[in-house]
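Asks: Below is one structure. I have some questions about it.
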Amino acid sequence: MATGYVYHELYGWHDTGTHAGLLPADPRRGLQPHRHFENAEAKRRVHELVVVSGLIDRLTRLRPRPASDEEILRVHTAAHLARLASGSDAGDGGSPFGPGGLDIARLAAGGVIAAAESVVDGEVDNAYALVRPPGHHALPDTGMGFCLLANIAIAVAAVRATRGVRRVAVVDIDVHHGNGTQAVFAADPDVLTVSVHQERVFPPDSGHRTERGEGAGFGSAVNVPLPPGTGNGGYAAAMARVVVPALERFAPDLVIVAAGYDAGATDPLARMMVTASGFRAIASSLIEAAGRLCAGRIVFAHEGGYDPVYVPFCAHAVIEALAGVTDPLPDPFSPNFDFLAGQDLQPHQEEAIAAAEALLADIPG
Ligand code: 3YP
Ligand code: ZN
């Protein structure tokens, strides 16, 4: 049992600059200079916890490489790549980067490619790619929402082009809608995209249940918008009643998870309540499904999550689940967050899940 692990110090050098969270600082508007929400800390501290806890000794370190032009251009337009190379903005104004930013974005996409290739080639059983910048909002012709390149879509395209992988399921548990991945594969019946997110957060007016894929790909996009306040019980129900049955029906050769932690109880950019034990349970259900459906071939690619204090415990729990650790690191915040009122499935959450269940019948089998 080997679990691959990708991290590179350059991921921490992706520079989102001085911001007031997500807006450029502008004293004229009262926007005091501060950090960008998507700064290096949360992800760097995941890696440091993985090292300090000793979990690193149970992982197989995989070396990321920069995604090539050929790999990027399977998903993105040449104009988008040229804009990133020119060092101007990524296209939506919300995805800033510093000098050399494209090189780091290439290394992030290439980190997910390396993880997916290693799993498909059988060098490791499963893998976690702790990459930065994130990727799930990026569209073929533009960056969006802190994302420059569509890391997961690029990795999916890579293993399909070079490894003969046919059917890939992408499960996006970031609290925001995985609109980029969905858009890239909307018309493709051989790529299932499932996104579980807080309803109507980002992108605005996106991730509705009515977005189901296009043409031959109808049914291959599944959206599970959940109400604000959803916690561990609601997420567990969404996994058990929609996401895992979707995987069973689709029968993928490989599963890739967009592993964001901004559904966490302390995240500044959303209003959900998932805790480290909740993320562990979500991950375990996906790992178990991949074990039954595709010989355990599953890759987690890190996306959002902006509380530098709590994200490390959440991601650590997920990586432990991947590695089959039986003596997990306790979550010191469990007494604070695991017993909040509303952690169990609420009736209005159940309604949203039941509505999404109706989408299962049209998933291409
Ligand atoms: C982008 C601008 C406002 C919300 C923000 C979301 C980024 C993210 O974590 N996406 O997964
Ligand atoms: Zn997010």
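Asks: Tell me the net charge near Thr326. Cut-off is 14 Å between Cβ atoms, Thr326 excluded, with +1 for each Lys or Arg and -1 for each Asp or Glu.
Replies: Summing Lys/Arg as +1 and Asp/Glu as -1 gives 0.
Asks: What residues qualify as long-range amide H neighbours of Ala20, i.e. H under 5 Å apart, gap of 5 or more or another chain, H built at 1.01 Å from N?
Replies: Amide H neighbours of Ala20: Ala25, His34.
Asks: Using just the helices of the chain, give the 222 nm mean residue ellipticity in deg cm²/dmol: DSSP H runs with n ≥ 4 each add -39,500 (n - 2.57), and the total is spread over all residues, rounded to 500.
Replies: Using -39500 (n - 2.57) per qualifying helix, the result is -10000 deg cm²/dmol.
Asks: Let me ask another. With +1 assigned to the C-beta of every Lys and Arg and -1 to the C-beta of every Asp and Glu, and no other charges, what is the dipole magnitude of region 23-172 about the Cα centre in debye, to the nearest 20?
Replies: My answer is approximately 140 debye.
Asks: Roughly how big is the chain's charge dipole about its Cα centre, with Cβ charges of +1 (Lys, Arg) and -1 (Asp, Glu), in debye to the nearest 20?
Replies: Computed about the Cα centre, the dipole is about 340 debye.
Asks: For Thr60, Thr3, what's the fewest-to-most ordering of other Cβ within 10 Å of each Cβ?
Replies: Thr60, Thr3
Asks: Taking the beta-carbon count within 10 Å as an exposure proxy, list Met144, Met1, Met273 from fewest neighbours to most.
Replies: Listing Met144, Met1, Met273 from fewest to most nearby Cβ atoms yields Met1, Met144, Met273.
Asks: To continue, here is another question. Can you list which of the trypsin sites (Lys or Arg not before Pro) found in region 155-190 are DSSP loop residues with at most 15 other C-beta atoms within 10 Å?
Replies: Loop-located and lightly packed - Arg166.
Asks: When a footprinting reagent is the concern and you count Cβ atoms within 10 Å, what order do Cys294, Cys147, Cys314 take, fewest first?
Replies: Taking fewest neighbouring Cβ atoms as first place, the list is Cys294, Cys147, Cys314.
Asks: Which percentage, to the nearest 5, of the DSSP beta bridges contained in the chain is antiparallel?
Replies: Taking every DSSP beta bridge with both residues in the chain, the antiparallel ones total about 20 percent.
Asks: What share of all Cα pairs of the chain, in percent, falls into each consecutive 10 Å distance bin?
Replies: The calculated distribution, bin by bin, is 6, 27, 37, 24, 5, 0.
Asks: HN-Hα J couplings of region 84-101 from phi, Karplus 6.51/-1.76/1.60, θ = phi - 60°, integer Hz, Gly and Pro as x?
Replies: Computed from phi, the couplings for region 84-101 are 5, 5, 6, x, 7, 5, 7, x, 10, x, x, 10, x, 8, x, x, x, x Hz.
Asks: Distance in nm between label sites at Ala82 and Trp13, each 7 Å beyond Cα in the beta-carbon direction?
Replies: 2.8 nm
Asks: Only four residue types carry charge here, +1 at the Cβ of Lys and Arg and -1 at the Cβ of Asp and Glu. Report the dipole size of region 253-337 about the Cα centre in Debye, rounded to the nearest 20.
Replies: The dipole magnitude comes to about 160 debye.
Values in this text are rule-based calculations from the coordinates and carry no lab data. Since the model is a prediction, treat every value here as computed from it, not as a measurement. Because the Cβ atoms are built from the backbone with ideal geometry, glycine has one as well, and the counts that use them run over all protein chains shown.
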